[in-house]
Amino acid sequence: MDFNELADLIFPSAKEISYYEEKYPERNLPEGAAVTRFAPSPTGFIHIGGLFGSIIDRKIAEQSKGVFILRIEDTDQKREIENGVSQIVDGLKAFDIVPNEGMISENDEIGNYGPYKQSQRKEIYQAYAKSLIKQGQAYPCFCTQEELEEIRAKQESAKIKPGYYGVWAKYRNFPIDEAVAKIKNGDPYIIRFKSQGREDRRIKHKDSIKGNLELPENDQDIVIIKADGLPTYHFAHVVDDHLMRVTHVIRGDEWISSLPIHLELFKALGFKPPKYAHTATIMKDDNGSKRKISKRKDPEAAVSYYHEEGIPSDAVVEYLLNIANSSFEPWRRANPDKSIAEFELQLNKMSVSRSSF
Ligand code: GLU
């Protein structure tokens with residue numbers, strides 16, 4: 001038994017990845033054109049931070065004659081709600097944000113790089129997971145919830161870093177024959193990435209907003225395919241942004257700590273990583289102390305609030321650009337009558353630390 005046979009047993013019908021590489025070729029765009037995407041989960045709610053991100057995505061694409069994609073990240077099917085996609089499409093449209101590619105209603109999409117709903121991309125993720133298994137870079141893990149809790153308890157009492165890594169990664173070096181026997185026996189499993197990283201080594205990365213970052217390497221054998229056959233965020237992000245030929249990943253800075261995982265996955269798959277631009281979290285003053293705007297506590301967290309209150313969409317967009325970008329205010333003062341579309345947004349002029357709302 002070898003890795004190839006193991007991979008065939010796990011994903012018997014997955015295509016070769018060359019099929020997808022050819023189906024989704026490099027885009028033929030003018031030099032410097034940016035391909036961006038807004039990638040919300042369809043929870044029926046657009047957070048003000050999501051609107052903020054999508055304004056930036058759209059602007060960066062538009063001003064470089066690139067492409068702005070709306071992709072729906074619905075791999076967590078427990079969080080699904082009815083009409084979740086159309087609520088996002090309509091919510092964005094109210095702010096004049098219409099994608100060039102991706103979802104345009106609950107079930108319709110435009111563009112040649114789809115499907116744009118992750119739940120419809122299952123076979124694509126599985127093909128890439130299969131290629132990692134063949135190379136010995138991913139493996140099935142049969143740990144039960146109890147076993148994982150047991151590992152965690154041991155790590156806690158020994159006061160060491162929690163997680164599934166190194167010697168704690170029980171199935172990392174499990175004999176292939178035994179794994180095959182377990183699969184044939186019907187034992188449940190998930191697929192993990194076999195990390196080559198080390199926590200005592202650091203990576204350097206230049207973020208388009210935050211500048212030079214230095215972070216510890218990832219050493220966790222993270223889950224890439226869950227028990228339901230769908231990918232985790234980490235794996236879907238890497239596969240999708242590669243295949244959709246996204247050039248700039250603009251997302252909230254809560255994702256910075258996961259960046260080492262993503263860069264390691266890009267490398268393992270042999271893909272060129274995109275440029276990353278991590279935006280500052282929008283904060284609220286709460287009796288003198290700053291905290292994140294919360295979906296539960298603050299009605300202004302939901303973009304629907306502004307319409308209900310009769311605040312024009314343009315005013316909201318102006319306001320967000322103003323807190324996002326230090327060059328917006330002087331531009332607006334000098335050009336009071338120009339349309340927002342004429343403002344040129346520069347990622348390196350974005351606020352680096354938390355913006356107050
Ligand atoms: N679905 C992720 C979220 O809702 C997207 C993050 C990203 O833009 O990569 O936060």
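Name every residue in region 219-266 that is crowded, with 17+ Cβ neighbours inside 10 Å, of a type in the set (V, I, T) and within 15 Å of the ligand (Cβ to nearest atom), in order of residue number.
T232, V238, V239, V246, T247, V249, I250, I261
Rundown of residues vs (1) of a type in the set (F, W, Y); (2) in contact with a Lys or Arg (Cβ under 7 Å, 6 or more places away or on another chain); (3) closer than 27 Å to Q87 by Cα; (4) touching a residue at least 24 places away in the same chain (Cβ under 8 Å), yes/no style:
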site: I282; (1), (2), (3), (4): no, no, yes, yes
site: Y305; (1), (2), (3), (4): yes, no, yes, no
site: A324; (1), (2), (3), (4): no, no, yes, yes
site: R332; (1), (2), (3), (4): no, no, no, no
site: K338; (1), (2), (3), (4): no, no, no, no
site: M350; (1), (2), (3), (4): no, no, no, yes
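Would you say S105 is hydroxyl-bearing (S, T, Y) and surrounded by 12 or more Cβ atoms within 10 Å (Cβ to Cβ)?
No: the conditions fail for S105.
Wholly within region 249-357, which helices (runs of 4 or more DSSP H) include no fewer than the required count, namely at least 2 residues that are over 20 Å from F68 (Cβ atoms), hydroxyl-bearing (S, T, Y) and touching a Pro at 6+ places or on another chain (Cβ under 7 Å)? Steps first, please.
Values: elements: 259-269, 304-308, 313-324, 328-334.
Where helices (runs of 4 or more DSSP H) fall fully within region 249-357, none carries at least 2 residues being over 20 Å from F68 (Cβ atoms), hydroxyl-bearing (S, T, Y) and touching a Pro at 6+ places or on another chain (Cβ under 7 Å).
Suppose we filter S304, S294, S313 for residues that are out of contact with any strand residue (DSSP E or B) (no Cβ under 7 Å at 6 or more places or on another chain) and within 16 Å of the ligand (Cβ to nearest atom); which single one remains? Outline the logic, then answer.
Values: S304 fails: within 16 Å of the ligand (Cβ to nearest atom); S313 fails: within 16 Å of the ligand (Cβ to nearest atom).
None of the others qualify; the one that does is S294.
Within the set of pairs 6 or more residues apart or between chains, which connect a residue that is on the phi < 0 side of the Ramachandran plot inside region 92-109 to a residue that is assigned to a loop (DSSP other than H, G, I, E, B) and of a type in the set (S, T, N, Q) with Cβ atoms less than 9 Å apart?
Short answer, once both residue conditions are applied: E101/N112; E106/N83.
If you check K65 against the conditions, is it out of contact with any Gly (no Cβ under 7 Å at 6 or more places or on another chain), away from the ligand (no atom under 14 Å from the Cβ) and without any contact (Cβ under 8 Å) to a residue 40 or more places away in the chain?
Yes.
Might you let me know whether region 72-88 holds any residue that is away from the ligand (no atom under 16 Å from the Cβ), free of Cβ contacts under 8 Å to residues at least 24 places away in the same chain, farther than 30 Å from Q220 by Cβ and not acidic (D, E)?
Within region 72-88 (the criterion being away from the ligand (no atom under 16 Å from the Cβ), free of Cβ contacts under 8 Å to residues at least 24 places away in the same chain, farther than 30 Å from Q220 by Cβ and not acidic (D, E)), the answer is yes, since at least one residue qualifies.
Just need a number here: residues in region 184-218 that are in contact with a Pro (Cβ under 9 Å, 6 or more places away or on another chain) and either of a type in the set (K, R) or surrounded by 13 or more Cβ atoms within 10 Å (Cβ to Cβ) (or both).
Number of matching residues: 15.
Being away from the ligand (no atom under 12 Å from the Cβ) and either touching a residue at least 60 places away in the same chain (Cβ under 8 Å) or crowded, with 20+ Cβ neighbours inside 10 Å (or both) is the filter here; which residues of region 267-279 pass it?
Residues satisfying the conditions are A268, L269, K275.
Read-outs: derived from the displayed coordinates by stated rules, not from any lab. Since the model is a prediction, treat every value here as computed from it, not as a measurement. Cβ: placed from backbone, ideal geometry, glycine included. Neighbour counts: every protein chain shown.
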